[in-house]
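Trainee: I have a structure I would like to understand better, so I am pasting it below and will then ask my questions one at a time.
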Amino acid sequence: MNIKIQYIFLTVMLLLGGCAKDVMTGKSTMAFIPNNQLFSMADEQYSQTLADKKVVTNTPEAEMLLRVGWKLVRAAEKWVTAQGSPNHFKDYKWSFALIEDKSINAWAMPGGRIAFYTGILPVTQNESGIAVVMGHEIAHAILNHGQQRMSAGLLQQAGMMGTSIALGSSRMSPEMQSLSMTAFGVGSNVFGTLPFSRRHEDEADLLGLKLMAIAGYDLHEAVRFWERMNDLGGGGGPAWLSTHPSHKDRIKNLQNSIPKAKEAAARFGA
């Protein structure tokens, strides 16, 4: 399949995909790939990951992870029910796995598949600390950030194809065409993909705080958790070249967001 046919096919697919309204935020989001397809892919990848790793079960830490996860899911269910969408999570398959790994990390897949690495537990320190990370990861899942990132990737791919077709029809030298394609790739990342990813992190932080508040956790633990992360180092360099906000920016944003989260939780009697 030549590049022009690929470009036409991808453009048609994007036009057919369109946008969706997020029930959690009320915003329109890119939804070029349906969630039922993404959820199926995520299930398969999650199962394979757990099969390849040592999963910790029946320990106080593993039990705490499950307890926190389900408390925050119930908080999210309260939220969407109040928005008039009580069945919003009917296709989600919530799962919370603790994986034996020294990495300071946790992640979420579309459809509610979430994993914590044991390496992050010394940083979370307590149940509220786990709720900080868990709330953030659950927020990624229910805000459909995975769907949006894949949709953005398709959009970037379509832009690259369109630029390549346009340059191929121009009188530019091959060297200039190559430089122009490189410039497009760098520009679309710096001014498109990276800010998009940082916005997702901010959204997940804010919604995670709200879920914590509804579930009754100490919101100030979010600030303390990121202060501990900052003490470990990393998270430096120019923010505009990163997929995540700097630790210091994150701490400031969380401090400013705590009153909003408490206000949101008050509507649920929390």
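Trainee: Is there a residue being of a type in the set (Phe, Trp, Tyr) and at pLDDT 95 or above anywhere in the range 233-240?
Mentor: Filtering the range 233-240 down to residues of a type in the set (Phe, Trp, Tyr) leaves 240.
Narrowing further to those that are at pLDDT 95 or above: none.
There is no residue in the range 233-240 that is of a type in the set (Phe, Trp, Tyr) and at pLDDT 95 or above.
Trainee: Separate question: Could you tell me whether residue 133 is surrounded by 22 or more Cβ atoms within 10 Å (Cβ to Cβ), hydrophobic (A, V, I, L, M, F, W, C) and out of contact with any Asp or Glu (no Cβ under 8 Å at 6 or more places or on another chain)?
Mentor: Working: surrounded by 22 or more Cβ atoms within 10 Å (Cβ to Cβ): yes; hydrophobic (A, V, I, L, M, F, W, C): yes; out of contact with any Asp or Glu (no Cβ under 8 Å at 6 or more places or on another chain): yes.
Answer is yes for this residue.
Trainee: Can you pull out the residues in the range 83-132 that are in contact with a Phe, Trp or Tyr (Cβ under 6 Å, 6 or more places away or on another chain) and free of Cβ contacts under 8 Å to residues at least 40 places away in the same chain?
Mentor: 103, 105, 106, 112
Trainee: Same structure, new question: Quick check on my filter: what residues within the range 47-76 are open to solvent by 60 Å² or more (accessible area, probe 1.4 Å) and in a loop (DSSP other than H, G, I, E, B)?
Mentor: Initial filter on the range 47-76 (open to solvent by 60 Å² or more (accessible area, probe 1.4 Å)): 47-48, 51-54, 57-58, 60-61, 63, 66-67, 70-71, 74.
Of everything in the range 47-76, those that are open to solvent by 60 Å² or more (accessible area, probe 1.4 Å) and in a loop (DSSP other than H, G, I, E, B) turn out to be 53, 54, 57, 58.
Trainee: Looking only at residues that are out of contact with any helix residue (DSSP H, G or I) (no Cβ under 6 Å at 6 or more places or on another chain) and open to solvent by 70 Å² or more (accessible area, probe 1.4 Å) in the range 256-268, which one is modelled with the lowest pLDDT? Reasoning before the result, please.
Mentor: The initial filter retains those residues of the range 256-268 that are out of contact with any helix residue (DSSP H, G or I) (no Cβ under 6 Å at 6 or more places or on another chain), namely 256, 258-260, 263, 266-267.
Add one more test, that the residue is open to solvent by 70 Å² or more (accessible area, probe 1.4 Å), and what stays is 256, 259-260, 263, 267.
Working: 256: 95, 259: 94, 260: 90, 263: 91, 267: 85.
My answer is 267.
Trainee: Further question on the same structure: So if I check each of 32, 39, which one is at pLDDT below 95, outside any helix (DSSP H, G or I) and either open to solvent by less than 60 Å² (accessible area, probe 1.4 Å) or touching a Ser or Thr at 6+ places or on another chain (Cβ under 9 Å) (or both)?
Mentor: Working: 39 fails: outside any helix (DSSP H, G or I).
Unique residue meeting the criteria: 32.
Trainee: Then there is this: Taking the range 106-123, which residues are touching a helix residue (DSSP H, G or I) at 6+ places or on another chain (Cβ under 6 Å), in a strand (DSSP E or B) and open to solvent by 30 Å² or more (accessible area, probe 1.4 Å)?
Mentor: Scanning the range 106-123 gives a single hit, 113.
Trainee: On to the next question. Being over 20 Å from residue 36 (Cβ atoms), in a helix (DSSP H, G or I) and not charged (D, E, K, R) is the filter here; which residues of the range 77-94 pass it?
Mentor: Across the range 77-94, the qualifying residues are 79, 81, 82.
Trainee: If residue 105 satisfies all but one of (1) under 15 Å from residue 138 (Cα atoms); (2) at pLDDT below 95; (3) in contact with a Lys or Arg (Cβ under 9 Å, 6 or more places away or on another chain), what's the number of the condition it fails?
Mentor: Against the list (1) under 15 Å from residue 138 (Cα atoms); (2) at pLDDT below 95; (3) in contact with a Lys or Arg (Cβ under 9 Å, 6 or more places away or on another chain), residue 105 comes up short only on (3).
Trainee: Related question: With the checklist (1) under 20 Å from the mean Cα position of the chain (by Cα); (2) farther than 29 Å from residue 263 by Cα in hand, flag the one item residue 80 doesn't pass.
Mentor: Going through the list (1) under 20 Å from the mean Cα position of the chain (by Cα); (2) farther than 29 Å from residue 263 by Cα, residue 80 breaks only (2).
The values are calculated or read from the model by the stated rules, or taken from the named source; none is laboratory data. For clarity, every value in this text was computed on a predicted model and none was experimentally measured. A quick note on method: Cβ atoms are made from the backbone with ideal geometry, for glycine too, and the neighbour counts reach across all protein chains shown. These accessible areas exclude ligands, DNA and RNA; they are computed on the full protein's heavy atoms, side chains included. Shrake-Rupley method; radii C 1.70, N 1.55, O 1.52, S 1.80 Å.
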